[in-house]
Amino acid sequence: MALQKFPLVGLLLLLTIVVSTATADGPVCPPSTKLSRSSFPQGFLFGTATAAYQVEGAVNETCRGPALWDIFCKRYPKRCNNDHADVAVDFFHRYKEDIQLMKSLNTDAFRLSIAWTRIFPHGRKEKGVSQAGVQFYHNVIDELLRNGIIPFVTVFHWDTPQDLEDEYGGFLSERIVKDFREYADFVFQEYGGKVKNWITFNEPWVFAHAGYDVGKKAPGRCSSYVNAKCQDGRSGYEAYLVSHNLLNAHAEAFEAFKLCKQCIGGKVGIAHSPAWFEPHDLADSQDGSSINRALDFMLGWHLDTTMYGDYPQIMKDIVGHRLPTFTTEQKAKLKNSAHFVGLNYYTSTFSNHLEKPDYSKPRWKQDSLISWEPKNVNNYTIGSKPFTAALPVYAKGFRSLLKYIKDKYANPEIMIMENGYGDVLGATDSVEVGTADHNRKYYLQRHLLSMQEAICIDKVNVTGYFIWSLLDNFEWQDGYKNRFGLYYVDYKNNLTRHEKLSGKYYKEFLSEGVRPSMIKNDEL
Ligand SMILES: *[C@@H]1O[C@H](CO)[C@@H](O)[C@H](O)[C@H]1NC(C)=O
Ligand SMILES: *[C@@H]1O[C@H](CO)[C@@H](O)[C@H](O)[C@H]1NC(C)=O
Ligand SMILES: *[C@@H]1O[C@H](CO)[C@@H](O)[C@H](O)[C@H]1NC(C)=O
Ligand SMILES: *[C@@H]1O[C@H](CO)[C@@H](O)[C@H](O)[C@H]1NC(C)=O
């Protein structure tokens, strides 16, 4: 077990590359001696990722309607660190400049999301379409393609139109299913000729759990026994309902995609966001076996459903009547409703079997019969946690998770839709400190190596990797204080972008080997 703390800064990294020869039973990794693009199979895509709400700003342009987070941050400023997305990093006006940054990083692809509120400002087509909003995404996509960067587009990244919240409670109501399909169909028809890679939903687990079970994220709903800040909600119930409607909405969108003529040849998936778990006490077999249950609840909840058409049996057994049931027709639509598994990986934790659940206070985490522990029985932190790190750093968990998905779900194609490192610099925050991000560089090296081992040794079929994020941005409840970018955004000085050490590292990593866009099609 690599549970010891390891020093981050100043450690001489010996990134030994494992060379594998061509075999018929998995990805083919070219021989290489130094970790770089050239250590990965030919055609592997590297990129960066963002989301509309977190980077665009320009909240009153293109007739954009209010989003769930606009209202949440206005109503409860402290729950958004007293920040708001009005200005954000202004990707809306600076996308050309930012696409040049992507180009200078030597990236192949870029993941962005479309703000629903810019397309249907009031949530439904009959209430009006913003042509200026539609045009904005054409402009961004065209600019990416002109610069040789492949767009990956997320249809929904948490910015529910507020009008649908007000009208029927957004994802709490099954009415969202029809409205989401209409919207997804619209963007597929509009952009599907040029965008071939789609993500319907970003992190359904976070959306349901943080928004409706612990109340950390908009709309900030939960029971008061979970979080005293919640004014409304019902933990242990609403998150299941929200995910249920979201999954049906996904299945409908997938059906719309299959019927979309210009979308032929395209792919659709969901970006899941499980943690990896290690046993809290290696000697306790209950802790060991709790890991499968933890992953069924965190990943299987949405992944089993879109692969096999129903929730994992363990969830049905434990959650019982609080877990909604699918009709036969819904199950049929959900089954095999994704072309790939999108995965966002950040961190890991210890899983401790929960001996005494309190059934009078239901909540998602308790339902999984697990307590998440930041330290194990011997008082070790998982991996390491640099002083300003938002989350513990544990690259081994990344490889373990990839292997787990390969084995459990019959070797699907996996794309890493997000991986990255957040730092909260506090009083030391400045361009100088923010760009000297040794810990982020270290994080990326370790995770790229773990992914390379998963592909080349464990033969997991990973085909792409996106770093979260291109730029520092609006990190939801943390506001702007939690920075994830390869570029530092100087919020005090005209939002100027400054390359960080991690950006320089990614650029160099990607400069070696052959860019997919340089490989002839018949070689791919
Ligand atoms: C990985 O998945 C893609 C898409 O399904 C498939 O075309 C490719 O053959 C797979 N590669 C391996 C090595 O299994
Ligand atoms: C956008 O409009 C709202 C409502 O009129 C206003 O409160 C807000 O200040 C505006 N934001 C910007 C950046 O103009
Ligand atoms: C665990 O470590 C902390 C310091 O990190 C220390 O204060 C505490 O006493 C330790 N607990 C045990 C049980 O060793
Ligand atoms: C702020 O940055 C923008 C975009 O790079 C630029 O066009 C503008 O001139 C800058 N303004 C000032 C005052 O420097």
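The values are calculated or read from the model by the stated rules, or taken from the named source; none is laboratory data. Bear in mind that the values here come from a model prediction, so they are computed numbers and not experimental data. Here the Cβ is made from the backbone with ideal geometry for all residues, glycine too, and neighbour counts use every protein chain on show. Please note that ligands, DNA and RNA were not included when accessible areas were found on the heavy atoms of the full protein model with its side chains. Shrake-Rupley method; radii C 1.70, N 1.55, O 1.52, S 1.80 Å.
May I ask you to rank Tyr95, Tyr465, Tyr237, Tyr359 by accessible area, largest first, using a 1.4 Å probe over the protein chains only? If you can, show how the numbers build up before the last one.
On the way: Tyr95 30, Tyr465 0, Tyr237 65, Tyr359 170 Å².
Ranked from most to least accessible, the order is Tyr359, Tyr237, Tyr95, Tyr465.
Accessible surface of Arg64 in the full protein assembly, 1.4 angstrom probe, to the nearest 10 Å²?
Accessible area, nearest 10 Å²: 30 Å².
What does the C-alpha gyration tensor say about the overall shape of the stretch 348-440? Classify as rounded when a/c is under 1.5, otherwise prolate if a/b is larger than b/c, or oblate. Walk me through the numbers before you get to the answer.
On the way: a/c = 2.26, a/b = 1.36, b/c = 1.67.
It comes out oblate by the Cα gyration axes.
Could you go through the stretch 492-499 in sequence order and give the Karplus-derived ³J(HN,Hα) for each residue, using 6.51 cos²θ - 1.76 cosθ + 1.60 with θ = phi - 60°, rounded to whole Hz, and x for Gly and Pro?
Going residue by residue, I get 8, 9, 6, 6, 5, 8, 10, 5 Hz, with x marking Gly and Pro.
I need the phi-derived Karplus couplings for the stretch 115-125: 6.51 cos²θ - 1.76 cosθ + 1.60, θ = phi - 60°, integer Hz, Gly and Pro marked x.
For the stretch 115-125, the Karplus curve yields 7, 4, 4, 8, 8, 10, x, 10, x, 9, 4 Hz.
Treating cross-link reach as a plain straight distance, find the lysines whose alpha-carbon is under 27 Å from the alpha-carbon of Lys74, omitting any fewer than eight places away in the same chain.
The qualifying lysines are Lys125, Lys127, Lys216, Lys217, Lys229, Lys481, Lys492.
Which are the unpartnered cysteines of the chain, meaning those with no other cysteine Cβ under 4.7 Å from their Cβ?
Cys63
Quick one: how many Å² of Cys63 are accessible to a 1.4 Å probe, rounded to 10?
Roll a 1.4 Å probe over it and Cys63 shows about 100 Å².
From the P(r) of the stretch 379-510, can you give the percent of Cα pairs sitting at distances over 26 Å?
Values: 2394 of 8646 pairs.
The calculated P(r) of the stretch 379-510 puts 28 percent of pairs beyond 26 Å.
So for the stretch 189-299, averaging the separation of alpha carbon pairs under 8 Å that are six or more residues apart and normalising by length, what relative contact order in percent results?
Working: 151 pairs, mean separation 33.8, N = 111.
This gives 30 percent for the stretch 189-299.
With the Cα gyration tensor of the stretch 37-511 in hand, give its eigenvalues times 5 under a square root as the equivalent ellipsoid semi-axes, listed largest first in whole angstrom.
Numbers: eigenvalues 177, 152, 110 Å².
The three semi-axes for the stretch 37-511 are 30, 28, 23 Å.
Round to a whole number: what % of the accessible area of the stretch 37-511 belongs to carbon and sulfur, probe 1.4 Å? Kindly include the intermediate steps, with their values, before the conclusion.
Values: 8220 of 16550 Å².
Of all accessible area on the stretch 37-511, carbon and sulfur atoms account for 50 percent.
Considering the stretch 266-342, what Rg and Dmax in Å follow from its alpha-carbon atoms?
Considering the stretch 266-342 through its Cα atoms, Rg and Dmax are 14.5, 47 Å.
Counting only heavy atoms of protein chains, what accessible area per residue, in Å², does the chain have with a probe of 1.4 Å? Kindly include the intermediate steps, with their values, before the conclusion.
Working: 20140 Å² over 524 residues.
Roughly 38 Å² per residue, with all protein chains present.
Round to the nearest 0.05 the FRET efficiency obtained for Thr327 and Glu167 when R0 = 30 Å and r is the Cβ-Cβ distance.
0.80
Quick one: order Glu413, Glu203, Glu508 from most to least accessible surface, probe 1.4 Å.
Glu508, Glu413, Glu203
As a test, work out the antiparallel percent of DSSP beta bridges whose residues both lie in the chain, rounded to the nearest 5.
Numbers: 14 of 52 bridges.
Counting DSSP beta bridges with both partners in the chain, the antiparallel share is about 25 percent.
Among Thr306, Thr496, what's the order by accessible area (1.4 angstrom probe), most exposed first?
Working: Thr306 5, Thr496 50 Å².
Ranking Thr306, Thr496 by accessible area, largest first, yields Thr496, Thr306.
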